[in-house]
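The values are calculated or read from the model by the stated rules, or taken from the named source; none is laboratory data. Just so it is clear, the model here is predicted, and its values are computed rather than measured. Glycine gets a Cβ as well: all are built from the backbone with ideal geometry, and neighbour counts include every protein chain shown. SASA here: full protein model, heavy atoms, side chains in, ligands and nucleic acids out. Shrake-Rupley method; radii C 1.70, N 1.55, O 1.52, S 1.80 Å.
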Amino acid sequence: MKRGFKNIDEEIHFFKYQKPVIVSKLIYYNAIYKIETRRPYGNKRIKKYFAKELKKLKRFFDNNIDFYKYYRSNNSFVDEKFFVRGKHDIRLWLDTFYFEADHRFSTSHDYKVAKIIANDLIQVYLEDRLNNINVKKSSDNSLKWTASKTALTELIYALYSHGVFNGGNTDIKLIAKGFEDAFNIELGDFYHTFMELKARKINRTKFLDSLCEALIKKMDEQDEK
């Protein structure tokens, strides 16, 4: 901003190629952070969630398909309107974001280029995450939880309460997710299930008690042989 540009070509090169590459990294990592922090639990819900994020990228592509064609075809005949400061044309695929930007350091379309670059990276990331889920599912040892979800919730909370993972410093959500992934099951609102267990008037640890009985019975049977 202090030095300025020697000529129009240098300014176009900066705003069309140099700045978007850097800004695209900011957009990409910020998007990945948001995607991962909002990611739900359970493979089925994760797959739907990632598919929804991919649809957002497709929607951006559809809404900007003319500019995509211009940029991807390496055209330059409108570069002086797109990538020179103060030359914006509201009729040429202009985003409202431009009116909020610093016009000393922005053109009408340099951010859109950064967004295109970032979206390509985000698409690769999402497709890779989906592929990993599918590979993991196909290589699964087919261990299926066939007791009730309530029983599994009871077991999870018992293990959590006893502090058997990471010295008792593991979040209950992480433990639940581990069981969901291991047994290919979705527990849903397991906290609500736990509240229902607490509300039982009789035998609040029904499943755990049945585990003890089954184990003792197996031991007794072994002793008799």
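Numbers for the structure displayed
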{"read-out": "Every residue from segment 52-83 that is more than 30 Å from ARG38 (Cα to Cα), open to solvent by 40 Å² or more (accessible area, probe 1.4 Å) and not charged (D, E, K, R)", "value": "TYR71, SER73, ASN74, ASN75, SER76, PHE77"}
{"read-out": "Test: ILE122 is surrounded by 15 or more Cβ atoms within 10 Å (Cβ to Cβ), closer than 30 Å to LYS55 by Cα and modelled with pLDDT of 85 or more", "value": "yes"}
{"read-out": "Residue count, segment 1-12 (criterion: touching a residue at least 12 places away in the same chain (Cβ under 8 Å), part of a helix (DSSP H, G or I) and open to solvent by 40 Å² or more (accessible area, probe 1.4 Å))", "value": "1"}
{"read-out": "Residue that is among the charged types (D, E, K, R), modelled with pLDDT of 85 or more and within 27 Å of THR37 (Cβ to Cβ), where the choices are LYS218, LYS206, LYS137, LYS173", "value": "LYS173"}
{"read-out": "Residues satisfying the stated conditions in segment 27-48, i.e. touching a residue at least 40 places away in the same chain (Cβ under 8 Å) and either of a type in the set (A, V, I, L, M, F, W, C) or closer than 28 Å to ASP102 by Cβ (or both)", "value": "ILE27, TYR28, ALA31, ILE32, ILE35, ILE46"}
